[in-house]
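A quick write-up on the structure given underneath.
What follows draws every value from the coordinates through simple rules; no lab data is involved. This structure is a prediction, so every number in the text was calculated from the model and none was measured. As a convention, Cβ positions derive from the backbone with ideal geometry for all residues, glycine included, and neighbour counts pool all protein chains shown.
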Amino acid sequence: MKRTALVLVILVAIAGAASLRAVVGRDGGAPKSNGAMTRTIPKAETTAAPNVPKTSRFAVPVLMYHRISDLSDKERLSPLMRDLTVSPADFDRQVRYLVDNGFAPLLAREVEEAVINGRKLPEKSVAITMDDGYKDNFDQAFPILQKYRVPATIFLVTNTVDTAGHLSWDDVALMHGRQVGYGSHTVHHYDLPDLSIFQIDYELRESRRVLESRLVETISSVAYPSGRYNQTVVERARAAGYLAGWKKGGGPVQPGAEVYLLPRVRVNGGSTMADFQRKVWSGANVLADRRDSEFMRMKLARKIRQVREGGV
Ligand SMILES: [Zn+2]
């Protein structure tokens, strides 16, 4: 009996050390070495394989962008503008990185459907989303998306379409169906929790109505302006007929996620490539950490069985 207890204590200690190592690795970002289970950012650039492995236990970082533009001298003075704006050169590098490293870029809709219907997604999935419908999404981002054949989802504020600095309905129509999907970002971009139920309903329903009549397709999701929501907002989004809602922050989207509070990973202006890589590998690292702990659990169970069967 004593020997069993001692062996169990040792095994539990080994498992604990392994899971601690996994946690340390996750915080440390993508480039890391973990004994036999190495997961590093591949140095050699590879093209995405056509038959990528899929999993129903996916972890997808859904990247959230705003403006893709070079800043004017005046804009450069504003911390908010610097934070909102990724340069076209950086965006090009980032999108190319996804393609070169075998990531499968998805529309937000595909991620929503996988969560709702329990569908499989490629193991190395990622999605690009852009909020607010800035003009540069068409002028700067769209040519880059086309160059690499990468899809993206734009969350539009319907009242600002066709206004200065924003997409026109013609831009929206032109990109529609050419790798770009759309969602609602409400009518006015007000913080929804601050509004009356009547106003919340208007923001959610009117934006959806306008988008659906312009695009002649179902608009399935809403991104809450400034990521702000409360229980009423979620309930009204469901009642307005949306199938999904997007917030900000919260890591990669995983099965079982609350579908009206799907998380996104923000890409800020001035982020380094290392920052970006850490964000896009966060999903793959979740899968690898999960595999590690399952492997350790199985190993532990096998050892315990062996000890017990040893007749101790
Ligand atoms: Zn916004």
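When region 241-256 is filtered for residues that are crowded, with 20+ Cβ neighbours inside 10 Å and of a type in the set (A, V, I, L, M, F, W, C), the ones remaining, listed by number, are Ala244, Trp246, Val253.
Among the residues of region 237-256, write down those that are outside any loop (DSSP other than H, G, I, E, B) and farther than 21 Å from Asp132 by Cα.
Residues of region 237-256 outside any loop (DSSP other than H, G, I, E, B): 237-239, 244-246, 249, 253.
Selection gives Arg238, Ala239, Val253.
Determine, yes or no, whether Tyr182 is within 15 Å of the ligand (Cβ to nearest atom), of a type in the set (Phe, Trp, Tyr) and not in a loop (DSSP other than H, G, I, E, B). It is true that Tyr182 is within 15 Å of the ligand (Cβ to nearest atom), of a type in the set (Phe, Trp, Tyr) and not in a loop (DSSP other than H, G, I, E, B).
With a requirement of 2 or more residues that are within 16 Å of the ligand (Cβ to nearest atom) and aliphatic (A, V, I, L, M), the strands (runs of 3 or more DSSP E) lying completely within region 78-179 that satisfy it span 125-131, 152-156. Restricting attention to region 252-268, does a residue exist that is more than 22 Å from Leu106 (Cα to Cα) and more than 16 Å from the ligand (Cβ to nearest atom)? No, region 252-268 contains no residue that is more than 22 Å from Leu106 (Cα to Cα) and more than 16 Å from the ligand (Cβ to nearest atom).
Within region 63-77, track down each residue that is within 16 Å of the ligand (Cβ to nearest atom) and of a type in the set (Lys, Arg). Don't jump to the end; show me each part of the working.
Kept after step one, since they are within 16 Å of the ligand (Cβ to nearest atom), are these residues of region 63-77: 63-69.
Arg67, the sole residue that qualifies.
With respect to Tyr182, is the statement that it is touching a residue at least 24 places away in the same chain (Cβ under 8 Å) and crowded, with 22+ Cβ neighbours inside 10 Å true? Against the criterion (touching a residue at least 24 places away in the same chain (Cβ under 8 Å) and crowded, with 22+ Cβ neighbours inside 10 Å), Tyr182 qualifies.
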